[in-house]
């Protein structure tokens, strides 16, 4: 079966033989079957496509906005429900700004958990309409962008990117993909940045409500989003992703927020993605040694070093194919000849740095690591983790009690 379209209702047949699942635009309560067998490090077949849902703008408009009063809740008040959530199916939800972000940030980790049977949800906030054509091969004679002017190129990009996202999600193994329905904001000072339909211009409470609806529908114990320190790449949409994710984590479990967005559900852990300096250094040095040059110049090493905040390190060497395959699915955005992405093969990268690093920003369950730089409710500590004490599982403290 071909990957589903992002637009409109879609009909999906589970690769495990279940009956058809019909998902309409805005319908967020129906789950698809999580594909892949437990523990298998295999590429998914084309039959294993995720369900794709677009958040209903009309439904979102009825959700509570700024007028909804703030209700302060505490870990103690939620304690009685924590144990029940621990016993539910494992579920992970990751929030991204644009199509292709899911490929470059955390794809091996999500593939790993998907193959373990964890229900995995991708929430993509925009359609990536302001992206450029970053693969010059597609503008050569005989290729779809050959001879197009800038306006026509933008139109064709907007048509192609949803399909690229669907294919990327299939490769990674997402159980479900949901679009929040905002327009790409472009970079600061660009005309797109002031477009009233852009994510950057969206009301924070309304946008948070859309994400809360997704959380309540998919019931994740673990959420992943972008960090609070984005000095290295301060894209307006990436900043907004962080803002609404933290608010949604805090509000989803409180039924006085967004009462029309489904039954309250409290996630237990919130992680920030991070490109570690350790990984950057390892890849840079390997490229110099094996290829004689590296695209990671001094500007990359001038970016903030966030390694001291890392709390969690997952070994994903057997799942690096998810990253490379998902990146290649975004043909308009990624040139597979580009050494920035493909200077090392998957096997070489697995030898050099077979890990993905994460920052635990919120935890409502006991954990043996200190929450790094968290602010507000849910913070259980603050500190730097010795390498030997890093978590090796995003569900640590949820699957089983945290090891002391």
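Readers should treat all values here as calculations from the given coordinates under stated rules, not as data from a laboratory. Just so you know, these numbers come straight off a predicted model, no measurement behind them. Cβ coordinates were reconstructed from backbone atoms using ideal geometry, including for glycine residues, and neighbour counts include every protein chain displayed.
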* Neighbour-count order for 363, 324, fewest beta carbons within 10 angstrom listed first -> 324, 363
* Which whole-number value in Å³ per residue fits the convex hull of the alpha carbons of the stretch 163-270? -> 120 Å³
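Can you tell me the FRET efficiency between residue 139 and residue 399 if r is taken as the Cβ-Cβ distance and R0 is 41 Å, rounded to the nearest 0.05? All intermediate terms of the calculation are to be shown ahead of the outcome.
Details: r = 48 Å, r/R0 = 1.18.
That gives a FRET efficiency of 0.25.
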* Structure fact -> The FRET efficiency for residue 301 and residue 368, from their Cβ-Cβ distance with R0 = 35 Å and rounded to 0.05, is 0.65
* **Fully extended contour minus Cα-Cα distance, from residue 351 to residue 146, at 0.36 nm per residue** => 69.9 nm
* **Two-site label geometry, residue 159 and residue 233: point separation in nm, points 7 Å out along Cα→Cβ** => 2.8 nm
* **the stretch 114-212 shape via C-alpha gyration tensor axes, a/c threshold 1.5** => oblate
